[in-house]
Amino acid sequence: MEKAIKRYWPVFVLPTLAAFIIGFVWPFLQGLYLSFCRFITIDKATFNGLTNYIYALTEADFLHSFWFTALFTVVSTLAINIAALAIALALTREIKGTNLFRSVYFMPNLIGGIVLGYIWNILLNCVLTLLGKPLMSLHAPYGFIGLVILMCWQQIGYMMIIYIAGLQSIPGDYLEAARIDGATERQILWKIKLPNLMPSITICLFLSLTNGFKLFDQNLALTGGDPAHKTEMLALNIYQTFYGRSGPQWKGYGQAKAVIFCILVIAISLFQLRATRSKEVQQ
Amino acid sequence: MSKKIFALALAAAMSLSLLAGCGGGNTNTPATSGSAAGDGSKPAATGSVYYLNFKPEQDEAWQNLAKAYTEETGVPVTVVTAASGTYEQTLMSEIAKSTPPTLFQVNGPVGLANWKDYCYDLSGSAVYGELTSDGYALKDGDAVAGIAYVIESYGIITNKTLLAKAGYSIEDIQSFADLKKVAEDITARKDELGFAAFSSAGMDGSSDWRFKTHLANLPLYFEYQDKGIGTTDAIEGTYLDNYKAIFDLYINNSTCEPAVLSSKTGDDSRNEFLAGEAVFFQNGSWEYGNLVGEGKFTDDDLAMIPIYIGAGDEANQGLCTGTENYWCVNNSAKEEDIQATLDFMYWCVTSEKGTKAMAEDMGFVIPFKGAQESPNLFVKQDAAYTAEGKMPVSWNFPTMPSENWKNEVGNALTAYAAGTGSWDDVVSKFVDGWASEYAALNG
């Protein structure tokens, strides 16, 4: 078997590698090059040096959207993971109808972001109208809260499933031994369950951090960046720069922003992975 | 051995399908239809036409016209319509393909600035010679980069039946003061009458162009008139108080509270008008097909009146008439495709079938010598106003510096309507935003 793999590895590796290069590596390199250009269509690009990056890093809207995104990511990551873990803990006890609850909580995740965004847009705006408050597209804090609610509603079920799987894989004898030793429920949670859950927590934090940072559909559909770019997150800001403006310089600016964005996302996820991995324990 | 061959075959099949997938992606064009191969009995066609259409309302009519042209000449014509509000994006990705659109459109001088490197010089073409006035050509220096193919009008569409119920007729509205008096009287008696003056000024993205672009044209127009200019990179906003007055009138005499306007769509506004909940509805001749028909209004119910803002010579003010639709031919297309496209354009505006389709099916008034009369009521009214000696208000909004400028003004207007922003913000976006966007445009 091993010999066969040694001899035939190109057959297995090359098709996928070719697809990866054609579909990912090459466009990425081309995108990197275009971030130094002015262009409308990519076959007529002119080199522009660092102008695009200088513009991107000094644009007030882009910086605002960075901080807005960062705040959103922190708040939504915390809210999603705390709630998901709480529900997972509740649903791993022997309650009747656990499976029903699990399916119901998971369902929101099956609906696409754009649809959810529009539904919540109508829903939240109706509530705000009834309360006599300004609508989301007029008042940025409401837009922010709306986004957090929407993301929680969509993501909690998904993270919950991962946490449930993690909880169920904790060997029963750990818990039993702890109980015999007289540990309280609280001690069991902090000393046994959470350390053993670290792999799940790593995954969930990773997913919700990157999801929050890269959020686009929900942002577009729920607030569209209104009022006046105040609720515009990074991905939407890049999109608006690239497509919302006309003129060759804007394509370059958008491209440069996209490269900065890509580096940010990679850096944050690497940092987070390293930080939580170090806390994982061997079972 | 046979297992190995099987595995090899599987792998080969997989890589082939991958490559095929990539290859297919490049030549694919979205939602194409209307193209047909030439009939064998007809002369072999060289070249083909690919028209990227801007107006979703007229998609079907264009598809039919393309089919008719192919049957007549054997030249394949593909018409693709970009989804509403995504024309620039679609054009950008389509034009980079190996079979780019041969015929596309820009919205005026500002749109042309983006696409002028792709525009074929139409100055010697037959279709250019058919224009009724040189003013309908979009020029880039001496070159004719684009040709207007439709003239449209907008104003305040009025439900005459409801207006009569309120005790007025359209003759009573000859100025901004009249309009204000009538609208405020209707609002005062709203409960008794059962309808409002204006349909909701929807500031949702699907309809805010009615105010940030079309209504904003009026203060622009009067300022340009005063200065005798056609475009500027520094607007003063001399008529912004009038802009405020008309916008206030719209939002305070409407079917809904100003605070909820930001979520009202263009459809909401039209449906209110169709349901007889409002007398006035600011929109253009392109709405005709949506308003008149079975179960809707008849020509006798409707009229379009000029948008009076209390500026200029109101007694002689006509509808806002102009164009923001210019045809451009892609200069990077193949030689024979360019020729085929020019022939197609010429056929559309001169042949019996083409002009008839443009007038009747699409409801257009076209600025070409061979134009036929359109059954569109609003278009006829525009002609009647002009015949009475009224001055049409020209479309100056294609000189607005960018889409972003319009959005910023629209945002400020929405906030002002809801009470979360002030009118000063609108003025600053209008005047200062104009200057900074022009600076960015040229930078």
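All of the numbers you see were taken from the coordinates with simple rules; none came from a lab. Model, not experiment: these values are computed from the prediction. Here the Cβ positions follow ideal geometry from the backbone for every residue, glycine too, while neighbour counts run over all protein chains shown.
Values for this structure:
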| quantity | calculated |
| --- | --- |
| Residues with amide H under 5 Å from that of B:Thr78, placed H, sequence gap 5 or more | B:Val49, B:Tyr50, B:Tyr51 |
| Choice from B:Glu335, B:Glu152, B:Glu287 showing the highest fluctuation, given a GNM over chain B with Cα pairs closer than 10 Å | B:Glu335 |
| Local net charge near B:Ile305, Cβ-Cβ under 12 Å (Lys/Arg +1, Asp/Glu -1) | -3 |
| Extent along principal axes [Cα atoms of the range A:1-158; Å; largest to smallest] | 58, 55, 24 |
| Highest-MSF residue in chain A out of A:Ala60, A:Ala79, A:Ala88 [GNM, Cα springs under 10 Å] | A:Ala60 |
| Restricting the range A:124-185 to chymotrypsin sites (Phe, Trp or Tyr not before Pro) in coil, as DSSP defines it, with at most 16 other Cβ within 10 Å | none |
| Nearest 10 degrees, 0 to 90: helix B:59-73 Cα axis against chain B principal axis | 40 |
| Amide proton proximity set for B:Leu302, modelled H, under 5 Å, gap of 5+ | B:Lys160 |
| The range B:124-191 shape via C-alpha gyration tensor axes, a/c threshold 1.5 | prolate |
| Net charge of neighbours whose Cβ lies under 15 Å from the Cβ of B:Lys212, counting Lys and Arg as +1 and Asp and Glu as -1 | -3 |
| Helical contribution to [θ] at 222 nm, DSSP H n ≥ 4, -39,500 (n - 2.57), averaged over chain B, rounded to 500 | -13000 deg cm²/dmol |
| Listed residue pairs exceeding 24 Å between alpha carbons, taken from A:Lys191/A:Lys279; A:Lys230/B:Lys97; B:Lys160/B:Lys296 | A:Lys230/B:Lys97 |
| Under Karplus coefficients 6.51, -1.76 and 1.60, residue-wise ³J(HN,Hα) of the range B:250-266 in Hz, glycine/proline x | 4, 7, 8, 10, 10, 6, 9, 5, x, 5, 9, 4, 5, 9, 7, 9, x |
| Overall form of the protein assembly as shown per C-alpha gyration tensor (a/c, 1.5; a/b vs b/c) | oblate |
| Expected-Rg normalisation [2.2 N^0.38 Å, Cα atoms] applied to the range B:232-276 | 1.53 |
| Principal-axis tilt of helix B:176-188 within chain B, Cα atoms, nearest 10 degrees | 80 |
| Over 20 Å [Cα-Cα, the range A:154-280], rounded percent | 61 |
| Protection proxy ranking, peptides B:199-208, A:103-112, average beta carbon neighbours within 10 Å, highest first | B:199-208, A:103-112 |
| Max mean-square fluctuation residue, GNM over chain B, Cα-Cα springs under 10 Å, options B:Ala387, B:Ala166, B:Ala196 | B:Ala387 |
| Which of B:Asn283, B:Ser263, B:Ser332, positive extreme of dipole for chain B (C-beta unit charges) | B:Ser332 |
| Dimensions in Å of chain B - Rg and Dmax from alpha carbons | 24.7, 95 |
| Long-range amide H partners of B:Leu319 with built H, under 5 Å | B:Val393 |
| P(r) of the range A:216-283 over all Cα-Cα pairs, binned every 10 Å from zero, in whole percent | 19, 34, 26, 14, 6, 1 |
| Rounded to 5, the percent of DSSP beta bridges in the protein assembly as shown classed as antiparallel | 70 |
| Dipole axis of the protein assembly as shown (+1 Lys, Arg; -1 Asp, Glu on Cβ), positive-most option in B:Thr399, A:Ala275, A:Leu205 | A:Ala275 |
| Angle between chain B longest axis and helix B:217-227 axis [Cα atoms, degrees, rounded to 10] | 80 |
| Computed log₁₀ I(q)/I(0) - Debye formula, equal Cα scatterers, no solvent, chain A, q 0.08 Å⁻¹ | -0.48 |
| Environment charge at B:Glu152 (Cβ cut-off 12 Å; Lys +1, Arg +1, Asp -1, Glu -1) | -3 |
